[in-house]
Amino acid sequence: YSRALQIYEPNEFDIMLVMPVARLQLDESDDTGAYYYVTFKRNPKEKYLLKFLDEDGKLSAFKMLEALREIIKREVKNIKDVEVTVKRKKAASPAITLQIKNPPAEISVDIILTLEVQQSWPPSTQDGLKIEQWLGRKVRGDFRNKPFYLVAKQNKREKVIRGNTWRLSFSHIEKAMMHNHGSSKTCCEADGPKCCRKGCLKLLKYLLEQLKKKHTKELEKISSYHVKTAFFQSCVMWPSDTDWHLEDLDHCFQNYLSYFLFCLQKRQLPHFFIPQYNLLSLEDKAAINFLLKQVSYELNNRFPIF
């Protein structure tokens with residue numbers, strides 16, 4: 001998935017390890033509507049998961065990640081023809097990262113532990129995914145009938161970090177929206193009209209990647225997910241394919257970038273699926289201001305970084 005939106009030599013890949021589960025009870029762990037404690041309703045079919053419950057009966061993301069890590073370390077030893085190592089674990093990261101060393105380049109692969117939950121989406125998503133004008137009411141309904149994902153992501157706002165929170169993820173829906181991104185069915189098909197939506201997203205992702213390379217420390221709180229969320233919000237603000245003509249790339253990019261700057265200025269970027277969850281939180285203020293300055297400079301000087 002990540003490869004499709006990598007700009008130059010792709011060297012980072014995400015693999016979601018998806019485990020289907022049914023009949024979970026989800027309890028919000030804070031007011032973002034994104035982080036949950038997970039317990040089983042009645043006897044789970046997934047008996048093998050019972051050994052990962054903590055003393056309160058909550059499913060521990062930490063315990064599951066540790067177990068997965070051990071399995072992966074063991075398996076990696078059996079790989080003969082390529083040098084693969086498991087990177088040291090980063091605090092609060094939901095991923096187990098493999099470094100694969102072989103010419104022509106080193107690549108890293110993030111393995112993300114994911115529960116696929118076959119039940120209706122949590123209430124915090126009720127007013128999200130506002131795609132009626134862009135992709136249509138029917139598509140929204142179809143999306144919301146799909147399962148949702150929970151990734152083993154630590155909630156940093158917790159007073160006591162116990163490693164038992166899970167975060168909602170809709171990467172499968174995001175992927176589907178990227179794939180069928182037009183208000184008309186034929187947008188960007190072989191013989192259909194071409195738009196510049198993906199081009200705009202790639203440009204802003206590239207801009208952020210370059211800035212993060214130059215200012216790693218200052219921008220560590222900012223991720224490409226911020227850019228992607230602003231992109232989906234832009235698709236809703238400009239829902240028609242005629243708003244994104246391929247030949248208008250520079251104009252469309254300016255619109256999208258202006259909206260992103262506006263979000264940085266207000267320090268308000270609502271999660272696309274969980275509108276109450278602001279992705280630009282107060283504690284990231286320094287990084288947000290720094291990014292605002294850098295991007296404004298690029299915009300006003302015709303993008304020297306490109």
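The values are calculated or read from the model by the stated rules, or taken from the named source; none is laboratory data. Model, not experiment: these values are computed from the prediction. We place every Cβ from the backbone using ideal geometry, glycine too, and count neighbours over all the protein chains shown. The protein model used for the area step is the full one, side chains on, heavy atoms only, and it has no ligands, DNA or RNA in it. Shrake-Rupley method; radii C 1.70, N 1.55, O 1.52, S 1.80 Å.
For segment 1-180, what does the alpha-carbon gyration tensor say about shape, rounded, prolate or oblate, given a ≥ b ≥ c as the root eigenvalues, a/c under 1.5 as rounded, and a/b over b/c as prolate? The shape class here is oblate.
Protein heavy-atom accessible surface, 1.4 Å probe, per residue over the chain: 54 Å².
Using only side-chain charges placed at the Cβ, +1 for Lys and Arg and -1 for Asp and Glu, the dipole size of segment 20-97 relative to its Cα centre rounds to 480 debye. By accessible area, using a 1.4 Å probe on protein heavy atoms only, segment 184-305 has 54% of its surface on carbon and sulfur.
Would you mind getting me the FRET efficiency between Glu28 and Gln119? Use the beta-carbon distance for r and R0 = 25 Å, nearest 0.05. For R0 = 25 Å, the calculated efficiency reads 0.95. The sum of -39500 (n - 2.57) across all DSSP H runs of n ≥ 4, divided by the residue count of the chain, sets its helix-only mean residue ellipticity at 222 nm to -10500 deg cm²/dmol. Extension gain for Glu283-Glu220 works out to 21.4 nm (0.36 nm per residue, less the C-alpha to C-alpha distance). Taken along the Cα-to-beta-carbon direction at a fixed 7 Å, the label points for Glu75 and Leu17 span 0.6 nm.
Around the Cα centre of the chain, unit charges on the Cβ atoms of Lys, Arg, Asp and Glu (plus for the first two, minus for the last two) sum to a dipole of about 760 debye. Peptide packing: for 51-62, 70-81, the average count of neighbouring Cβ atoms within 10 Å per residue gives the ranking 51-62, 70-81, highest mean first. From the Kirkwood radius over Cα pairs of segment 188-306, Stokes-Einstein at 4 °C and 1.567 mPa s returns a whole-number translational diffusion coefficient of 87 µm²/s. Taking 0.36 nm per residue of separation and subtracting the Cα-Cα distance, full extension of the segment from Lys90 to Lys194 would add 33.3 nm. Magnitude of the charge dipole for segment 165-244, about its Cα centre and with charges confined to Cβ atoms of Lys, Arg (+1) and Asp, Glu (-1), is about 400 debye.
Hey, with R₀ at 30 Å, roughly what FRET efficiency would Leu261 and Lys138 work out to, going by the Cβ-Cβ distance, to 0.05? Display every interim value, and only then the final one.
Details: r = 34 Å, r/R0 = 1.12.
After rounding, the FRET efficiency stands at 0.35.
Projecting label points 7 angstrom from Cα along Cα→Cβ for Asp248 and Asn145 puts them 3.4 nm apart. Look at the dipole of segment 1-180 built from charges on Cβ: of Ser171, Ser93, Leu17, the Cα furthest out on the positive end belongs to Leu17. Within the accessible surface of segment 1-127, defined with a 1.4 Å probe on protein heavy atoms only, the carbon and sulfur portion equals 54 percent. Computed packing ranks the peptides 240-246, 110-116, 164-170 as 164-170, 110-116, 240-246, most packed first, by mean other Cβ atoms within 10 Å.
Would you please put 199-212, 281-294 in order of how densely packed they are, using the mean number of other Cβ atoms within 10 angstrom per residue and starting with the highest? Each step should come with its number before you reach the end.
Working: 199-212: 19.0, 281-294: 15.5.
Ranking, from highest mean packing down: 199-212, 281-294.
Applying 1/(1 + (r/R0)^6) with r as the Cβ-Cβ distance of Ala67 and Ser184 and R0 = 51 angstrom yields a FRET efficiency of 0.60.
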